[in-house]
Amino acid sequence: MSKFGYVRVGPRRYRERFGLSFEDVELGMRIRHRPGVDVSQQDNRDDSVELLNNAHLHYDSQYAAHTEWCHPLSVSTMTVQRFLALVSRSWYRRRAIIGIDSIALTRPVIGDDTLYSESTVTALDGGADPDVGLVCLDIAGKNRQGDTVARISCTYEIYRRGRHPEDDPQAPPAEEERFSLYHMAADGALVEQTGLVFEDLAPEETFVHWPGRTVRADESRRQALRSLEINPRWHDEAYLRKYVQIKPAIYEPLVIGIVTALTTRTFGRVVANLGWTDIVLPRPVRPGETIYAESTVRTVRASNSRPDQGIATVETRGFVENGDLVCRYQRALLIYRREAGPYRDAGY
């Protein structure tokens, strides 16, 4: 059973892997998907405005205060999107959602709530397609109190083992306990793992982070403006047209941010970043390029002042799709030890 979060791509070298193949799925299997995600009234307002949603219950607080809810309600399609996206780590290996039989919204969702998904396999159909089988799911969307606020009944096409476009017979699953995609809760549900603990890290092991992240010019412009960046090359297109020798590029702090974010699938149990050193940016990232990252653990040591945590130094490298190095740095990370931290109390 391939319930492991990495494949071996070389000696002491692992690539992140997500999702269950059809052969891994069992009738009645129940999965608690982690992490959850906060929704704010700002999210609600943005979604309403961008979609020209005229249901003012979502963004007119004065009006909403006079309803039975007393607060603006979250846009139902936005919350459904969140619940479906939250299951994507386990159901990553889908070819398509081929149908949604029903969506029931059972309790209101308001801003400043946290959403979680839990999925249960209700039916399996191998069918005749050599590439995929059908998996029927009941997805329960829950809030931070554990109340079910939505139920979604849907059917996914899930790739069979060896049939997913990313499957490579030269990269077998890294079948080690530390790389398990799940741990089992007391009630038998599988709970998704969120990163490696300190004891799972060893010097000179490399983790290839997957998938990558395409970055667009409008994202770069927005980040520069939000940072009060005054240099016109990041947000003044007339300036770029005038000085044609200055080529469009992605805002450098955003490149560092994207590379760092890509590492969090492996380094998800970080207590804090203690600092970066030796950051180099060998060449600009151009709009539309995709950034990939990999990290090599250099050293690990116990924390002298925090017995439940350890410190790892990690070198991370960012590349674009043609293999050009665009970012490299070293970072010191404070990481929880096994069985430490807030995870159990937080439902992780």
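The values are calculated or read from the model by the stated rules, or taken from the named source; none is laboratory data. In this text the structure is predicted, and so the values were computed from the model without any measurement. Here the Cβ is made from the backbone with ideal geometry for all residues, glycine too, and neighbour counts use every protein chain on show.
Things worth noting here:
Yes or no, residue by residue, for (1) closer than 21 Å to V270 by Cβ; (2) exposed (fewer than 15 other Cβ atoms within 10 Å of the Cβ):
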{"position": "D168", "(1), (2)": "no, yes"}
{"position": "F179", "(1), (2)": "yes, no"}
{"position": "D187", "(1), (2)": "no, yes"}
{"position": "L190", "(1), (2)": "no, no"}
{"position": "Q193", "(1), (2)": "yes, no"}
{"position": "L201", "(1), (2)": "yes, no"}
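- So V149, is it over 21 Å from D345 (Cα atoms) and in contact (Cβ under 8 Å) with a residue 40 or more places away in the chain: yes
- Residue satisfying condition, being in the same structural domain as R265 (by TED's automatic domain parsing), at pLDDT 95 or above, part of a loop (DSSP other than H, G, I, E, B) and of a type outside the set (A, V, I, L, M, F, W, C), within set E219, E229: E229
- Residues (of a type in the set (K, R) and within 15 Å of R8 (Cα to Cα)) located in the stretch 165-221: R178
- Failed item, numbered, when C136 is tested on (1) more than 16 Å from M29 (Cα to Cα); (2) free of Cβ contacts under 8 Å to residues at least 40 places away in the same chain; (3) assigned to a strand (DSSP E or B): (1)
- Among the residues making up the stretch 314-340, those that are within 18 Å of R216 (Cα to Cα) and of a type in the set (A, V, I, L, M) are V320, V326.
- Criterion violated by G275 - all others in (1) at positive phi; (2) part of a loop (DSSP other than H, G, I, E, B); (3) touching a residue at least 12 places away in the same chain (Cβ under 8 Å) satisfied: (2)
Residue-wise test of (1) closer than 30 Å to I110 by Cβ; (2) in contact with an Asp or Glu (Cβ under 7 Å, 6 or more places away or on another chain); (3) surrounded by fewer than 17 Cβ atoms within 10 Å (Cβ to Cβ).
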{"position": "F4", "(1), (2), (3)": "no, yes, no"}
{"position": "E23", "(1), (2), (3)": "no, no, yes"}
{"position": "S40", "(1), (2), (3)": "yes, yes, yes"}
{"position": "D43", "(1), (2), (3)": "yes, no, no"}
{"position": "L51", "(1), (2), (3)": "yes, no, yes"}
{"position": "S61", "(1), (2), (3)": "yes, no, yes"}
{"position": "H66", "(1), (2), (3)": "yes, no, yes"}
{"position": "W69", "(1), (2), (3)": "yes, no, yes"}
{"position": "M78", "(1), (2), (3)": "yes, yes, no"}
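- Qualifying residue in the stretch 223-243 (condition: within 25 Å of V9 (Cβ to Cβ) and either of a type outside the set (D, E, K, R) or touching a strand residue (DSSP E or B) at 6+ places or on another chain (Cβ under 7 Å) (or both)): no
- Contact map, the stretch 95-118: first residue closer than 25 Å to F18 by Cβ, second residue assigned to a loop (DSSP other than H, G, I, E, B) and of a type in the set (V, I, T), Cβ cut-off under 6 Å, separation 6 or more or different chains; pairs are S117/V87.
- In the set (1) surrounded by fewer than 18 Cβ atoms within 10 Å (Cβ to Cβ); (2) over 16 Å from the mean Cα position of the chain (by Cα); (3) not assigned by TED's automatic domain parsing to the domain that holds V87, the condition left unmet by Y251 is number (1).
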